[in-house]
Amino acid sequence: MISVCIITYNGEKFIKAQIQSIISQLGDNDEVVISDDGSSDSTLDIISAFNDCRIKVYHNPAKSGGFRDTMEICFRVGRNAENALKHANGDYIFLADQDDIWLPNKVTECVKALEKYDLVITNHIPVDETLQKMDMSINLEPIKTPTLINTLIRTPFLGCCMAFSKNLLQYILPFPKQPLMHDIWIGLMALKHGKIGLIQEPYLLYRRHSDNASINIGQKSTNSLGYKLMYRKYLLEAYINN
């Protein structure tokens, strides 16, 4: 059984196309687990219109973490992801953003790789809002082998490109109390407790736009050395203590 975990928040512009690209690759007994963080647009209506029993919607129960600005965004995104993972029942768990597009054979190739690895990372193609490649002159950048050092400096873990076996959940859940991004946390636990495989073939159109949460967090943090140091301190402490 496969579980695809999606976290949503005001994703009405792109969520329909993303779900369509996912469910076309799933079987009758698979599931899409969605955790919504209080969307005020038509996101939930669009999801409901699929009328597909494989799609299960939950609501993020987390209250404010009491952090400011970037840290609060990081906290809420992480708690929303944790809520989705808590409801996942699959043997293999895929992470998905609300605004990307899965390419054909993503599920097949990841499941095949997960027979040998605990977590796999596929490559991706960066695109803009209209799904046009960001820079036609740039060759696809290979995925770097994850290590603790490069994860702390510039993480190779991108959640929407990741899938893992359910046995990792015993280490992933519950999330640390610190406001950590869920994909980095999951990657760190795979580094510590499992075996990681890389799929250099792209199986995702990775949409980059002004409303993208990970981009916003990155932009806000670039001018704050204090944030960068604090965040990496949190990561290292969480890795050591779990």
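Inside the stretch 49-78, can you point out the residues that are at pLDDT below 95, closer than 26 Å to S21 by Cβ and not hydrophobic (A, V, I, L, M, F, W, C)?
Across the stretch 49-78, the qualifying residues are N60, R76, G78.
Only one of V120, V111, V77 is surrounded by fewer than 21 Cβ atoms within 10 Å (Cβ to Cβ), out of contact with any Pro (no Cβ under 6 Å at 6 or more places or on another chain) and not charged (D, E, K, R); which?
After ruling out the rest, the residue left standing is V111.
What tally of residues in the stretch 1-18 results from selecting those that are surrounded by 20 or more Cβ atoms within 10 Å (Cβ to Cβ), touching a helix residue (DSSP H, G or I) at 6+ places or on another chain (Cβ under 7 Å) and farther than 15 Å from A88 by Cβ?
Going through the stretch 1-18 one residue at a time, the tally reaches 3.
Of everything in the stretch 180-192, what is over 15 Å from L114 (Cα atoms) and touching a residue at least 60 places away in the same chain (Cβ under 8 Å)? Give them in sequence order.
Selection gives L180, M181, H182, D183, W185, I186.
Farther than 16 Å from F164 by Cα, under 19 Å from the mean Cα position of the chain (by Cα) and buried (at least 21 other Cβ atoms within 10 Å of the Cβ): is that true of S35 in this structure?
Numbers: farther than 16 Å from F164 by Cα: yes; under 19 Å from the mean Cα position of the chain (by Cα): yes; buried (at least 21 other Cβ atoms within 10 Å of the Cβ): yes.
So S35 passes the test.
Out of D28, D45, I need the residue that is modelled with pLDDT of 95 or more and outside any helix (DSSP H, G or I). Which one?
Of the residues listed, the single one that is modelled with pLDDT of 95 or more and outside any helix (DSSP H, G or I) is D28.
Given E82, E141, E129, which one is modelled with pLDDT under 90, acidic (D, E) and either surrounded by 14 or more Cβ atoms within 10 Å (Cβ to Cβ) or not in a strand (DSSP E or B) (or both)?
Of the residues listed, the single one that is modelled with pLDDT under 90, acidic (D, E) and either surrounded by 14 or more Cβ atoms within 10 Å (Cβ to Cβ) or not in a strand (DSSP E or B) (or both) is E141.
I'm trying to understand the selection: among the residues of the stretch 147-175, which are out of contact with any Asp or Glu (no Cβ under 8 Å at 6 or more places or on another chain), in contact (Cβ under 8 Å) with a residue 12 or more places away in the chain and outside any helix (DSSP H, G or I)?
Within the stretch 147-175, T147, P156, A163 qualify.
Scan the stretch 1-28 and report the pairs whose first residue is free of Cβ contacts under 8 Å to residues at least 40 places away in the same chain and closer than 12 Å to I47 by Cβ and whose second residue is surrounded by fewer than 17 Cβ atoms within 10 Å (Cβ to Cβ) and among the acidic types (D, E), with Cβ atoms within less than 6 Å and a gap of 6+ or a chain change.
If the second residue must be surrounded by fewer than 17 Cβ atoms within 10 Å (Cβ to Cβ) and among the acidic types (D, E), the pairs left are E12/D41.
The values are calculated or read from the model by the stated rules, or taken from the named source; none is laboratory data. The structure displayed is predicted, hence computed values, not measured ones. Methodologically, a virtual Cβ is constructed for each residue, glycine included, from the backbone with ideal geometry; neighbour enumeration extends over all protein chains shown.
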